[in-house]
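Reading through the structure tokens given below for one structure.
Quick note: the coordinates plus some simple rules give every number you see, no bench work behind them. Every value quoted in this text rests on a predicted model; they were computed, and no experiment measured them. Reconstructed Cβ throughout: ideal geometry from the backbone, glycine too, with neighbour counts over all protein chains shown.
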Amino acid sequence: MLQIVGVRALRGKRTAMLTVSTGLAVLLGAASAMADTTVKWLHLELDPGYVAIWRKIADTYEAKHPGVKIQMQFLENEAFKAKLPTLLQSSDAPDFFYSWGGGVLKQQMATGALLDLTTAMKANDGAWQKSFNPAAIEGLTFDGKISAVPFKLGTVSFFYNKALFAKAGVDAAAIKTWDDYLAAVKKIKDAGIVPIAGAGGEKWPIHFYWSYLVMRDGGQKVFDAAKNGKGDGFNDPAVVKAGEQLAELGKLQPFQPGYLGATWPQTLGVFADGKAAMILGFENTEGNQKTNAGDGKGLASDNIGRFAFPAVTGGAGAVTDTLGGLNAWAVSKKAPPEALDFLAYLNNADNQRQMAKAGMIIPAAVGAEDGITNPLLKQAAEQLAQTTWHQNFFDQDLGPSVGRVVNDVSVGIVSGQIAPKDGAAQIQDAFEQDQL
Amino acid sequence: MTDISATSTIRSTAPSKAAIRRKGSTGRGRLPVLLLFLPPALLLFTLFVILPMGEAAWYSLYKWSGYGAPTDFVGLRNFQVLFNNTAFLTSLKNNALIVVVSIIVQIPLAIWLSTMLANKIAGVVLFRLIFFLPYVLAEVAAGLIWRFVYDGDYGLFASLAHLFGVETPYVLADKDLAIYAVLAVIVWKYFGFHMMLFIAGLQSLDKSVLEAAEIDGATGWQKFRYVTLPLLASTLRLSVFFAIVGSLQLFDLIMPLTGGGPFNSTQTMVTFLYNFGVTRMQVGLGSAVGVVLFVICVTLAFGYKRIFMRND
């Protein structure tokens with residue numbers, strides 16, 4: 001059944017592609033008529049196991065489609081973000097690439113660097129579109145244009161080392177509010193254990209704390225108002241309060257020594273080596289910590305627990321609101337039709353189920369959720385299924401220039417360099433400057 | 001003595017006559033040569049130097065994300081934003097600091113080592129090689145190596161701290177210390193280059209002047225202060241010039257070390273351009289940095305050459 005839908009989606013997509021402007025069609029036609037078409041796929045996956053799964057899917061596709069080569073290219077996270085604008089406008093642009101959605105994707109789409117996928121998605125009664133979680137499609141639609149192919153959903157939450165928590169005498173299940181959380185951090189620190197692994201060097205891992213606190217304090221109303229330039233914007237009292245709470249956490253000095261210079265892989269390593277009790281990370285933290293462990297093994301799966309970011313007493317946001325990724329594959333303008341064809345294959349329910357089975361993703365394809373076997377990932381998927389508001393990462397949602405200021409400010413506040421009020425004002429300034 | 005000068009005058013007059021003759025004959029043949037050899041160089045220079053400079057100046061007047069064509073004209077606002085940005089001011093200060101440290105630490109160190117290594121003593125080549133080695137190393141590799149050296153968990157600093165039983169300093173994560181850690185790497189990386197300059201300068205010195213000073217009873221320090229140093233002046237000026245240019249270009253050593261952080265405390269102008277112009281997709285602002293950098297470079301280069309290197 002799923003396969004039939006997939007095939008129909010492909011066929012629909014192909015006819016749709018041919019009806020795009022004649023010039024483009026001729027160009028694309030010429031490209032596909034060539035004996036060998038190379039589809040360039042740019043990703044930033046670090047885990048060799050996950051890359052191997054993709055490669056296998058690509059190999060299967062290549063075997064079925066002689067003349068099409070799938071070339072996988074890798075760039076490290078930060079390098080990827082920095083290089084992409086230049087890369088996209090060069091003749092060396094990848095055909096499709098990893099995207100976090102949000103403001104960056106919107107901007108890429110608005111400036112014409114990307115292929116509008118609406119026609120392809122909606123062809124054949126929207127067969128391709130219907131194969132994905134509607135929330136994912138909605139999150140990737142800007143000005144009525146579907147801008148990327150949904151890949152996975154994600155949510156950020158706390159992961160903890162069960163042994164270290166037991167040693168410090170802290171019960172993770174009892175952490176319900178931010179005050180509980182701060183008390184737990186104190187208790188762990190008093191036990192001589194580093195409470196949290198934090199990556200201040202890369203900044204964005206710290207902005208999760210600020211984001212979640214803003215969500216818990218202000219709720220969707222405050223954030224959406226700020227994002228749309230209404231009311232007090234980021235100077236809203238709830239946003240300032242979030243900053244104050246973050247500063248309070250910072251005063252406890254909860255992070256590993258030298259965290260301000262630490263990169264994300266290093267930080268995952270700190271958690272994996274048992275040198276810190278907690279980490280606020282992505283849904284696939286369990287797998288990622290293994291890759292970055294000093295011994296290559298990391299913490300045993302049954303030693304890792306997970307809990308949602310705690311609620312804030314009196315805050316407008318619910319504890320069921322989630323912050324996390326909506327990741328997708330953005331297709332560049334000059335991509336050959338084979339790229340779309342392969343993307344449809346890569347993200348069909350079968351292949352997404354395979355990835356889910358490996359503990360790699362929470363799938364965006366409908367009907368692939370049953371592939372999730374990893375208990376921690378399953379918890380994350382369940383949390384996502386019950387979400388009352390799923391917010392994309394702030395630094396992606398707000399676009400590159402404001403997003404980076406959010407990251408700077410988050411690290412500034414937690415390390416006591418920036419006063420919470422000034423931090424909020426800096427973000428508002430950057431936001432207004434961006435709107436001018 | 002007179003013999004030599006006589007032959008040299010003869011030699012210098014002979015070719016000049018030939019040159020005059022040749023000049024007359026090439027007057028007509030010059031145009032084809034010009035047409036043949038000038039365009040490629042001129043084209044390349046225009047395409048890759050003049051045009052991008054003009055473009056940067058043009059973009060600096062726009063708010064532009066780098067996608068499509070710039071349309072949002074904002075006048076000089078990018079420059080206003082720039083000079084109100086504390087990170088940019090820090091980067092200017094850091095660039096100046098690098099020059100200052102070069103002059104008061106790196107160059108004296110290089111001179112001191114060169115006075116020892118310019119002599120023909122056993123093992124001198126080996127030492128020159130050792131001191132010159134950091135300069136040969138690629139900047140990014142050097143940055144990565146030092147990031148590991150400074151690492152507070154697994155690096156050399158951590159081991160040393162363990163050895164002495166003190167708490168490990170995380171120098172690259174401390175906003176007050178990081179810039180000094182970076183400066184130390186810069187001194188380490190480039191002193192060998194300056195040392196080589198001075199060795200070359202010392203070897204071309206007229207030994208008879210030093211001998212004369214020795215006969216007059218000058219002490220070692222007096223010889224250095226009143227004979228060697230004045231004779232090295234042109235090399236010294238060149239060395240300072242390289243230090244200034246190096247400071248303005250500094251980028252690839254900083255990126256692997258700190259990336260400009262923590263809190264922008266180790267930004268240089270070029271890393272600022274990259275971090276704020278490129279990664280934030282503010283190409284207009286980035287171009288404004290480029291323009292400021294260009295103006296500073298041109299002013300310094302020409303000013304320095306005019307004032308200090310007039311006679312070199």
Task: lysines whose Cα lies under 21 Å from that of B:Lys223, excluding same-chain neighbours fewer than 8 positions away - done: B:Lys120, B:Lys207
- [ ] Measure up A:Lys187/A:Lys421; A:Lys241/A:Lys275; A:Lys145/A:Lys333 against 23 Å on the Cα-Cα distance and list the ones that go over.
- [x] A:Lys187/A:Lys421; A:Lys241/A:Lys275
Task: Cut-off under 5 Å, modelled amide H: who pairs with A:Phe151 long-range - done: A:Asn327, A:Ala328, A:Trp329
TODO: Arrange the following residues from fewest to most other Cβ atoms within 10 Å of their Cβ: B:Tyr274, B:Tyr304.
DONE: B:Tyr304, B:Tyr274
Open item on the list: 5 Å is the cut-off here: which amide hydrogens, built 1.01 Å from N in the peptide plane, fall below it relative to A:Ile146, excluding neighbours closer than 5 in sequence?
Closed with: A:Leu117, A:Thr118
- [ ] With everything on Cα atoms, drop me the angle between helix A:2-18 and the longest principal axis of chain A, reported from 0 to 90° to the nearest 10.
- [x] 70 degrees
TODO: Count the net charge of all other residues whose Cβ sits under 9 Å from the Cβ of A:Ile304, scoring Lys and Arg as +1 and Asp and Glu as -1.
DONE: 0
Task: Estimated 222 nm signal from helices in chain B, with DSSP H stretches of n ≥ 4 weighted -39500 (n - 2.57), rounded to 500 - done: -22500 deg cm²/dmol
Task: Neighbour net charge for A:Arg404 - beta-carbon separation under 15 angstrom, K R +1, D E -1 - done: -4
Open item on the list: Please report the net charge: other residues with Cβ closer than 13 Å to the Cβ of A:Gln108, K and R +1, D and E -1.
Closed with: +2
Task: Dipole of chain A, positive end: most advanced residue of A:Phe393, A:Ala174, A:Leu88 [Cβ charges, Cα centre] - done: A:Leu88
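Quick one: of the DSSP bridges fully inside the protein assembly as shown, what percent are antiparallel, nearest 5?
60 percent
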- [ ] Sequence neighbours fewer than 8 away in the same chain don't count; with that in mind, list the aspartates and glutamates whose C-alpha is under 18 Å from A:Lys69.
- [x] A:Asp36, A:Asp59, A:Asp92, A:Asp95, A:Glu338, A:Asp341
Open item on the list: For Cα pairs less than 8 Å apart in space and 6+ apart in sequence, what is the mean separation divided by the residue count of chain B, i.e. the relative contact order in percent?
Closed with: 27 percent
Task: Residues B:Leu202, B:Leu156, A:Leu84, sorted so that the one with the fewest Cβ neighbours within 10 Å comes first - done: B:Leu156, B:Leu202, A:Leu84
Task: Phi-based couplings in Hz for region B:272-284 (Karplus 6.51, -1.76, 1.60; Gly and Pro marked x) - done: 4, 4, 5, 5, 9, x, 7, 6, 8, 6, 10, 5, x
TODO: Over all alpha-carbon pairs in the protein assembly as shown, figure out the percentage whose distance exceeds 36 Å.
DONE: 54 percent
Open item on the list: Based on alpha-carbon centroids, what's the gap between region B:187-248 and region A:364-404 in Å, whole number please?
Closed with: 65 Å
